[in-house]
Amino acid sequence: MTRTVVGRGGLDPEASWLAAGLDHLAGIVDPDLPGWSRVGFSEQDVAGRAWVAAQMREAGLETHVDAVGTVIGVLPGSSPSAPAIVVGSHSDTVPGGGRFDGVVGVLGAIEVARALRRSGTRLTHELRVVDFANEEGNPQGVKLVGSRAIAGGLGPDLLGATDDTGTTLADLIAGAGHDPAAVASCRWRPGEVAAYLELHVEQGPVLEQQGASIGVVTRVCGISTFVLDVHGRRDHAGTMPMDRRSDAMCCAADAVLAVQRIAAAGADTVGTVGALTTTSPLTNTISEQARLTGEFRSPRLDVLRELQRQYAEAVAQADARHRTTSDLTWGHTDPPTVLDAALSDVVAGSAAAVGHDAVRLYSGATHDSVEMARLGPAAMVFVPSRDGRSHCPQEWTDLDDVEHGVRVLLQAVLDVDALPAGAGRPG
Ligand code: HGY
Ligand code: MN
Ligand code: MN
């Protein structure tokens, strides 16, 4: 059987449609936030997904929205019994985010379906095109909401997670018009997925530094989140001598810098503090209470565990220094995910077939591929991010690079579809 190669016989991604889609979604954002914000379950997110669903239907996909808001379009294959090839990403953003994170993968997945239909190419496998709900997370601290639901991991503990106002994640999902009580209906069965392929902007500097246009991801980092509550003693700021204070804010400040110190000491480790808040923001009263939220990331689980151990030790030392007491609460740890090596080799071959030498690299950002890898072999294609920047208004990827990524994604779908059953077929 001769290999179908993108670029021949009218099988080409339509860069103009990709450009128009990027522009259209860039117009569905929260005007009160900087950058391009379509925060999960906000009215902008709901509007953006409605537009995505309309594009999927216009591309001829049988499209539905699942109980937590994930948009799923299906292009039936010639073999009804064959498992699905799944392509997708997410269209929600962080507050103050950019125009490309997630969006490139959603538009690229739709364009794969459009190109197949335009050229009259029928796959053996069903093609499933997905815009996962709320990949970026929420004030309740839960990331990858839609893909976690599909993989069966969005349980009552996560749906019951609350933000500072006591609003649960289930409330947030229901507030966007979805039905979190029916989360079990979102679950896909193992065996349903032949392969999961995600196109995404790198969000880091590696491809640009190496002058590469395509990356194939080896693994996705693990993440441990935490909340630190520091308890001090309220006293008069003018009369209490410095060596007798229990100043929660000073202990928290040490705890913030300990995240940076511990993470910076490791290889491929990062750590970040999100919020630092106190209940007494007065300068004439010593802080009795401070709270900080943060996270550590590493591509290795043993290293992540060591970062947690070191941090607990640093907090205890800060407490001794400041005569405070602290409660360090670790959130869920998403372990590092090694992506499927056989499928990644197929994807690297697909990239070569359309003229790109793929660079192998790990992802410091997490992705829906982490959850989809629980259902079958998963692989990711990266395209360069200018200056390695993301999660900011300056996030940028050239349209040519987007088009190269979609070309590789399309070729990878064709190549996976053509794999003989059993012959090293991923999954
Ligand atoms: O947190 C992340 O890495 C992703 O952008 N949600
Ligand atoms: Mn993303
Ligand atoms: Mn992101």
Exercise. Do any residues in segment 345-370 that are over 18 Å from Gln210 (Cβ atoms) have Cβ atoms under 6 Å from those of residues that are within 16 Å of ligand 3 (Cβ to nearest atom) and part of a helix (DSSP H, G or I), where the two are at least six apart or on different chains, and which pairs are they?
Worked result: Asp368/Ser147
For this session: Test Glu198 against the criterion of being closer than 30 Å to Tyr311 by Cβ and within 20 Å of the chain's Cα centre (by Cα), and give yes or no.
Result: no
Problem set entry | Qualifying residues in segment 28-54 (those that are over 16 Å from Glu395 (Cβ atoms) and of a type in the set (A, V, I, L, M)) - the one surrounded by the most Cβ atoms within 10 Å (Cβ to Cβ) | Val52
Seminar exercise, completed: Per the filter on segment 204-221, residues buried (at least 22 other Cβ atoms within 10 Å of the Cβ) and within 18 Å of the chain's Cα centre (by Cα) are Gly215, Val216, Val217, Val220, Cys221
Seminar exercise, completed: Taking segment 38-88 and keeping residues free of Cβ contacts under 8 Å to residues at least 12 places away in the same chain and among the aliphatic types (A, V, I, L, M) leaves Ala50, Ala54
Exercise. Inside segment 169-242, counting only strands (runs of 3 or more DSSP E) that do not spill past its ends, which hold 2 or more residues that are small (Gly, Ala, Ser)?
Worked result: 193-201, 222-231
Seminar exercise, completed: (1) out of contact with any Ser or Thr (no Cβ under 9 Å at 6 or more places or on another chain); (2) within 16 Å of ligand 2 (Cβ to nearest atom) all hold for Gly155 apart from (2)
Exercise. Considering segment 91-128 alone, what residues qualify as being open to solvent by less than 10 Å² (accessible area, probe 1.4 Å), more than 16 Å from ligand 1 (Cβ to nearest atom) and among the small types (Gly, Ala, Ser)?
Worked result: Gly108, Ala109, Ala113, Ala115
For this session: Specify the residue that is most open to solvent (accessible area, probe 1.4 Å); the eligible residues are those in segment 318-340 that are part of a helix (DSSP H, G or I) and in contact (Cβ under 8 Å) with a residue 12 or more places away in the chain.
Result: Arg321
For this session: Return the residue satisfying two criteria in turn: it lies in segment 60-90 and is surrounded by fewer than 21 Cβ atoms within 10 Å (Cβ to Cβ) and not in a loop (DSSP other than H, G, I, E, B), and of such residues it is farthest from ligand 2 (Cβ to nearest atom).
Result: Glu62
For this session: Using the structure shown, decide if Arg57 is open to solvent by 20 Å² or more (accessible area, probe 1.4 Å), of a type outside the set (Phe, Trp, Tyr) and at pLDDT below 95.
Result: no
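The values are calculated or read from the model by the stated rules, or taken from the named source; none is laboratory data. For clarity, every value in this text was computed on a predicted model and none was experimentally measured. A quick note on method: Cβ atoms are made from the backbone with ideal geometry, for glycine too, and the neighbour counts reach across all protein chains shown. The accessibility values were calculated without ligands, DNA or RNA, using every heavy atom of the protein model including side chains. Shrake-Rupley method; radii C 1.70, N 1.55, O 1.52, S 1.80 Å.
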